[in-house]
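See structure below.
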Amino acid sequence: MDVFGLLGNPVGHSLSPPMHEAAYDELGMDARYVTFEPDPDDLGRAIEGAAALGISGLNVTIPFKEDALDHVDPDDLAARIGAVNTIDFSGDEEKPPTGHNTDAAGVRRSFAHHDVTLAGKDAVVVGAGGAARAAAFALADAGAAVHIANRTVERAERLADDLKGSTAGGLASLESHVSDAEVLVNATSVGMEEDVSPVPAEALHADLAVLDAVYRPLDTRLLREARERGATTIDGAWMLLYQGVEAFERWTGRDAPVSAMNEALRARL
Ligand code: NAP
């Protein structure tokens with residue numbers, strides 16, 4: 001039996017187990033997906049222990065995504081983003097496992113699923129935390145020109161510096177940049193706890209494709225207001241789905257059964 005899993009703390013409400021196990025069921029695989037909650041000080045020992053136990057792959061979530069970089073051999077994208085959410089143990093046993101960031105692929109593939117091309121587009125990312133870094137690198141690597149807007153301007157500037165060739169500003173810069181943009185990603189937690197949007201509704205328009213990383217609730221105020229103005233809207237479950245799809249495909253070398261995984265995920269949201 002192959003064992004995959006998730007390292008995080010807490011992981012009790014994670015949607016990854018049902019999503020991945022739906023893929024194993026669909027493909028008739030003898031595999032399980034298990035959650036682990038190590039103490040923050042024990043992350044290195046947890047990853048070494050997983051390797052010793054023959055675990056095939058691990059996802060990594062809050063609060064370990066940044067610290068995991070120190071315990072794996074990160075690929076170029078994960079190193080640039082500064083966070084690992086997927087560990088692959090299939091390489092040389094004498095070496096550390098490889099670390100990857102499939103949140104970026106989650107963003108790229110969410111847009112592709114909705115037939116939104118990114119090359120040459122003007123894009124705006126709201127936020128400068130972990131999800132925003134993954135989104136910003138995904139968009140920039142796909143050839144979009146990216147503006148970062150964040151409540152804490154210094155964080156936006158740091159991310160824009162890391163991206164090279166991008167611009168940054170505070171939330172007040174959103175209205176003018178979104179009005180002129182074709183792609184928008186909300187990668188803040190705004191919209192989760194309260195029915196508020198981080199983007200002024202007046203800036204939204206029909207030539208915009210909007211991805212909201214927030215997936216609880218699925219239909220955020222930002223998405224509702226964007227839809228009312230004729231924009232293409234993409235909810236946060238797509239990003240969650242495609243980061244999982246990308247991890248599954250890396251670990252197994254097989255095409256993921258996307259529909260089965262999507263159904264399992266959405267049944268729980
Ligand atoms: P994070 O690293 O803690 O970053 C949080 C971001 O939200 C920061 O940019 C922060 O701005 C901003 N923010 C928080 N409260 C705000 C407020 N009241 N007004 C304006 N900005 C505010 O978190 P994260 O891991 O990037 O996650 C961000 C969101 O993305 C969460 O809702 C998370 O659930 C979601 N997410 C979704 C997926 C998916 O697959 N769909 C994956 C990862 C994350 P400051 O820098 O100014 O503090």
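Largest accessible area first, the residues His114, His100, His71 order themselves as His71, His114, His100 under a 1.4 Å probe with ligands, DNA and RNA left out. Summary value for the stretch 104-234: 22 percent relative contact order, contacts being C-alpha pairs under 8 angstrom separated by 6+ residues. Taking every DSSP bridge with both residues inside the chain, close to 15 percent are antiparallel. With Rh defined as the Kirkwood radius, the inverse of the mean 1/r over Cα pairs, the Rg/Rh of the chain is 0.97. Among Gly236, Gly165, Gly44, the residue with the largest mean-square fluctuation in a Gaussian network model of the chain, with springs joining Cα atoms closer than 10 Å, is Gly165. Ligands, DNA and RNA left out, the accessible area of the stretch 162-203 computed with a 1.4 Å probe is 50% carbon and sulfur. Legend: translational diffusion of the stretch 104-234 by Stokes-Einstein, Rh = Kirkwood radius over C-alpha pairs, 20 °C, 1.002 mPa s; D = 153 µm²/s. Output the direction-averaged projected area (hull surface divided by four) of the convex hull of the alpha-carbon atoms of the stretch 198-237, in nm². For the Cα atoms of the stretch 198-237, the hull's average projected area reads 2.4 nm².
Calculated FRET efficiency, Glu37 to Arg254, Cβ-Cβ distance, R0 = 30 Å: about 0.55 to the nearest 0.05. How high is the relative contact order of the stretch 1-152? Use alpha-carbon pairs under 8 Å, at least six apart in sequence, and give a whole percent. Value for the stretch 1-152: 17 percent. Measuring with a 1.4 angstrom probe and ignoring ligands and nucleic acids, Val258 comes out at about 40 Å² accessible.
In this label model, His113 and Leu27 are separated by 1.7 nm, measuring between points 7 Å along each Cα→Cβ vector. Estimated translational diffusion coefficient (Stokes-Einstein, Kirkwood radius over Cα pairs, 20 °C, 1.002 mPa s) of the stretch 1-120: 142 µm² per second. Across the options Ala83, Pro97, Pro38, the greatest Cα extent toward the positive end of the charge dipole of the stretch 1-111 (unit charges at beta carbon of Lys, Arg, Asp, Glu) belongs to Ala83. Of the solvent-accessible surface of the stretch 1-100, computed with a 1.4 Å probe over protein heavy atoms with every protein chain present, carbon and sulfur atoms account for 47 percent.
Taking the chain as a Gaussian network of alpha-carbon nodes connected by springs under 10 Å, the highest mean-square fluctuation of the residues Asp39, Asp219, Asp161 belongs to Asp39. Heavy-atom accessible area for Leu69, with the other protein chains in place and a 1.4 Å probe, reaches approximately 40 Å².
Quick one: accessible area per residue over the stretch 105-252, 1.4 Å probe, rounded to a whole number of Å²?
Per residue, the stretch 105-252 has an accessible area of 41 Å².
For the residues Lys65, Lys95, a 1.4 Å probe over the protein chains yields an accessible-area ranking, largest first, of Lys95, Lys65. With the whole protein complex present, Ser197 retains an accessible surface near 30 Å², based on a 1.4 Å probe.
Using a Gaussian network model of the chain in which every pair of alpha carbons under 10 angstrom is joined by a spring, one finds that among Ala138, Ala203, Ala149 the greatest mean-square fluctuation is at Ala203. Our estimate of slack between Asp162 and Arg45, defined as 0.36 nm per intervening residue step minus the Cα-Cα distance, is 39.1 nm.
Were the residues from Glu263 through Asp75 laid out at 0.36 nm apart, the gain over their Cα-Cα distance would be 64.6 nm.
The values are calculated or read from the model by the stated rules, or taken from the named source; none is laboratory data. Note that this is a predicted model, so its numbers are computed, not measured. Backbone-built Cβ (ideal geometry, glycine too); neighbour counts: all protein chains shown. Note: accessible area is taken over every heavy atom of the protein model, side chains too, but ligands, DNA and RNA are not part of it. Shrake-Rupley method; radii C 1.70, N 1.55, O 1.52, S 1.80 Å.
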